[in-house]
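Notes follow the structure.
The values are calculated or read from the model by the stated rules, or taken from the named source; none is laboratory data. Only a predicted model underlies this, so the values are computations on that prediction, with no experimental measurement involved. In this analysis, Cβ positions are derived from the backbone assuming ideal geometry, glycine residues included, and neighbour counts consider all displayed protein chains. Keep in mind that these areas ignore ligands, DNA and RNA; they rest on the heavy atoms of the full protein, side chains included. Shrake-Rupley method; radii C 1.70, N 1.55, O 1.52, S 1.80 Å.
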Amino acid sequence: METQNVKDTVRQIFTEYLTANGHRKTPERYAILDTIYSIDGHFDIDMLYSRMMDQENFRVSRATLYNTIILLINARLVIKHQFGTSSQYEKSYNRETHHHQICTQCGKVTEFQNEELQHAIENTKLSRFQLSHYSLYIYGICSKCDRANKRKKVNNNNKKER
């Protein structure tokens, strides 16, 4: 789907959600939705705040951002991820299932897809539970941090030998 078509569709879904739940339809809420659907990948509130100020030239308070994010999560247009101690978000409409690798040292989050893993999860028989969607987080050390750790270890061993 073309980006503008996606934005029009999510705007319509959001409007229906706001109407059904008695929430106001404010320009700020729609500007936040539009900005989120212009971001590729994950974002946090600080990044969204900066982007709205700098690129969108739209001033909103952090409280408005947090409140709107909650509405968007409830409308199933945004997903919240808890990567260690960091809360990050991503758009969820029309997104393919993907998994996350999180480096426990630098905090870098990398998305990846693995059909075999996806099929295994989707075909798992769950007792008294109907799967609608899922998130998979794999924690470890990224290759960049692993190389840095190995260099540090070699340097420390060289210092000890002297």
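A few remarks follow.
- Degrees between helix 62-74 axis and first principal axis of the chain (Cα, 0 to 90, nearest 10): 80
- The GNM of the chain, with springs linking C-alpha atoms under 10 angstrom apart, assigns the highest mean-square fluctuation among Thr26, Thr64, Thr35 to Thr26.
- Whole-Å distance, taken between Cα centres, linking segment 1-69 and segment 101-117: 26
- Acute angle (nearest 10 degrees) that the helix 27-36 long axis makes with the longest principal axis of the chain, alpha-carbon atoms: 40
- When Val109, Val154 are compared by accessible area of protein heavy atoms, the largest-first order is Val154, Val109, using a 1.4 Å probe.
- Stokes-Einstein translational diffusion, segment 58-108 - Kirkwood Rh over all Cα pairs, 1.002 mPa s, 20 °C, in µm²/s: 170
- C-alpha long axis of helix 45-54 to longest principal axis of the chain, angle in °: 60
- Of the residues His100, His42, His133, ranked by 1.4 Å probe accessible area with the largest first, the sequence reads His133, His42, His100.
- Net charge dipole size for the chain [Lys, Arg +1 and Asp, Glu -1 on Cβ; Debye, nearest 20]: 980
- Over the Cα atoms of the chain, the radius of gyration divided by the Kirkwood radius equals 1.09; this is the Rg/Rh ratio.
- Segment 74-162: GluC sites (Glu not before Pro) in DSSP loop, at most 16 other beta carbons within 10 Å: Glu96
- Computed Kirkwood radius, in angstrom, where 1/r is averaged over Cα pairs of segment 1-94: 13.4
- Computed over protein heavy atoms with a 1.4 Å probe, the carbon and sulfur contribution to the accessible area of the chain reaches 46%.
- Sorting Ser86, Ser143 by solvent-accessible area of protein heavy atoms yields Ser143, Ser86, largest first, with a 1.4 Å probe.
- Measuring spread by the Cα atoms of segment 116-162 yields a radius of gyration and Dmax of 21.0, 64 Å.
- At a probe radius of 1.4 angstrom, the accessible area of segment 96-161 per residue rounds to 84 square angstrom.
- The chain, helix-only ellipticity at 222 nm - DSSP H runs n ≥ 4, -39,500 (n - 2.57), divided by all residues, nearest 500: -15500 deg cm²/dmol
- Leu126/Thr15 FRET efficiency (R0 41 Å; Cβ-Cβ; nearest 0.05): 0.75
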